[in-house]
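Undergrad: One structure, as structure tokens, below. Some questions next.
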Amino acid sequence: KKILRNLAMEIGQEQYYSLRFPDNIFDQGLLKSTHEEMLNALRDVAEKGAGALSVLDEEGCALLLEEARKLSFRSCLNTIGAGEKAVTQDFKISLNFPDETRLDEFSAAFERQLNEAFAELTECPVRLPYHFNDRAMLIYEEGSTGISPHKDHKCFEGVVAILTLTGSADFYICDDRDKQNSILLPARSGVMIMMRGANYLGMDRPFHYVENITKERYGFGLRFNAKEVDAPKSLLLQR
């Protein structure tokens, strides 16, 4: 705990959910995932590029969805990049919302469980404690074309976590922009998908895409952006 507190002071306590919300309703039974389930999901992240686990039931999703619907959203750019690297996208987004809500409480509980699992891995991909400093809420409206195959930016290190609060859509990881070897991941309400971020155990980030949105989908994203902190500049282990 002393090491955690000292590192959190270096990072900036305002960014560290685990200290800002040391005990909350998600720690008291609303976070449904177990330690073993988290370990299994992290094994899939290492072996397959992504893993998934159920973290919330209907009650927990409803609490976070209530907070999500209070946020201000903007439409994303229809296309990012050009040529063969162009990514098409069709969603609304809210980034790094400032007010403290149940979203922060969930982030703290999930972050703690993730760190406990990381600590048991034979080869841990990050320096501990790991934390999230970047949040995003996305809305894919019914009939949206989703987002084409892409990799998250290399500034996002460790794991990229995406929680579906409500809705129906198909979420895939794949080998390239042509959707080769696509693997469908569960993206139902209450399920958290975790993917490799930059330099995860020296492995690459997976391409991923979302399509077939048959019911409005709210997705809550948690990431660590290495560009947003001064000390330490990276939570990745140096290899």
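The values are calculated or read from the model by the stated rules, or taken from the named source; none is laboratory data. Computed from a prediction, not measured in an experiment: that's the story for all the values here. Note that we place each Cβ from the backbone using ideal geometry, even for glycine, and neighbour counts take in every protein chain shown.
Undergrad: Is it the case that some residue within region 95-102 is in contact (Cβ under 8 Å) with a residue 60 or more places away in the chain, over 14 Å from the mean Cα position of the chain (by Cα) and not in a helix (DSSP H, G or I)?
TA: Scanning region 95-102 turns up at least one residue that is in contact (Cβ under 8 Å) with a residue 60 or more places away in the chain, over 14 Å from the mean Cα position of the chain (by Cα) and not in a helix (DSSP H, G or I).
Undergrad: Filter region 178-226 down to residues that are modelled with pLDDT under 95 and of a type in the set (A, V, I, L, M, F, W, C) and give me whichever is surrounded by the most Cβ atoms within 10 Å (Cβ to Cβ).
TA: Step by step, filter region 178-226, then rank; the result is PHE224.
Undergrad: Restrict the check to region 136-145 and report whether at least one residue is surrounded by 17 or more Cβ atoms within 10 Å (Cβ to Cβ) and under 22 Å from LYS227 (Cβ atoms).
TA: Yes, region 136-145 contains a residue that is surrounded by 17 or more Cβ atoms within 10 Å (Cβ to Cβ) and under 22 Å from LYS227 (Cβ atoms).
Undergrad: Let me ask something additional. Which condition number in (1) at pLDDT 95 or above; (2) more than 12 Å from ALA50 (Cβ to Cβ) is the one that ASN115 fails?
TA: (1)
Undergrad: Please name all residue pairs, on different chains or six or more residues apart, with Cβ atoms under 7 Å, provided the first residue is in region 115-131 and is β-branched (Val, Ile, Thr) and the second residue is in a loop (DSSP other than H, G, I, E, B).
TA: VAL126/LEU235; VAL126/LEU237
Undergrad: Does region 153-177 hold any residues that are among the charged types (D, E, K, R) and either modelled with pLDDT of 95 or more or buried (at least 21 other Cβ atoms within 10 Å of the Cβ) (or both), and which are they?
TA: Residues satisfying the conditions are GLU157, ASP170, ASP175, ASP176, ARG177.
Undergrad: Being surrounded by fewer than 16 Cβ atoms within 10 Å (Cβ to Cβ), on the phi < 0 side of the Ramachandran plot and either touching a Cys at 6+ places or on another chain (Cβ under 8 Å) or modelled with pLDDT of 95 or more (or both) is the requirement here; does GLU84 meet it?
TA: no
Undergrad: Please go through region 16-33 and give me each residue that is within 20 Å of LEU128 (Cβ to Cβ) and either basic (Lys, Arg) or at pLDDT 95 or above (or both), ordered by number. Steps first, please.
TA: From region 16-33, those within 20 Å of LEU128 (Cβ to Cβ) are 16-22, 27, 31, 33; that's our starting set.
Passing the criteria: ARG20, LEU31, SER33.
For every residue, the table says whether it meets (1) farther than 29 Å from PRO22 by Cα; (2) of a type in the set (A, V, I, L, M, F, W, C).
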| residue | (1), (2) |
| --- | --- |
| LEU165 | no, yes |
| ALA169 | yes, yes |
| SER189 | no, no |
| GLY202 | yes, no |
| TYR209 | yes, no |
| ILE213 | yes, yes |
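Undergrad: Please verify whether region 103-111 includes one or more residues that are assigned to a loop (DSSP other than H, G, I, E, B), modelled with pLDDT of 90 or more, under 21 Å from PRO22 (Cα atoms) and touching a Leu at 6+ places or on another chain (Cβ under 7 Å).
TA: Scanning region 103-111, I find no residue that is assigned to a loop (DSSP other than H, G, I, E, B), modelled with pLDDT of 90 or more, under 21 Å from PRO22 (Cα atoms) and touching a Leu at 6+ places or on another chain (Cβ under 7 Å), so the answer is no.
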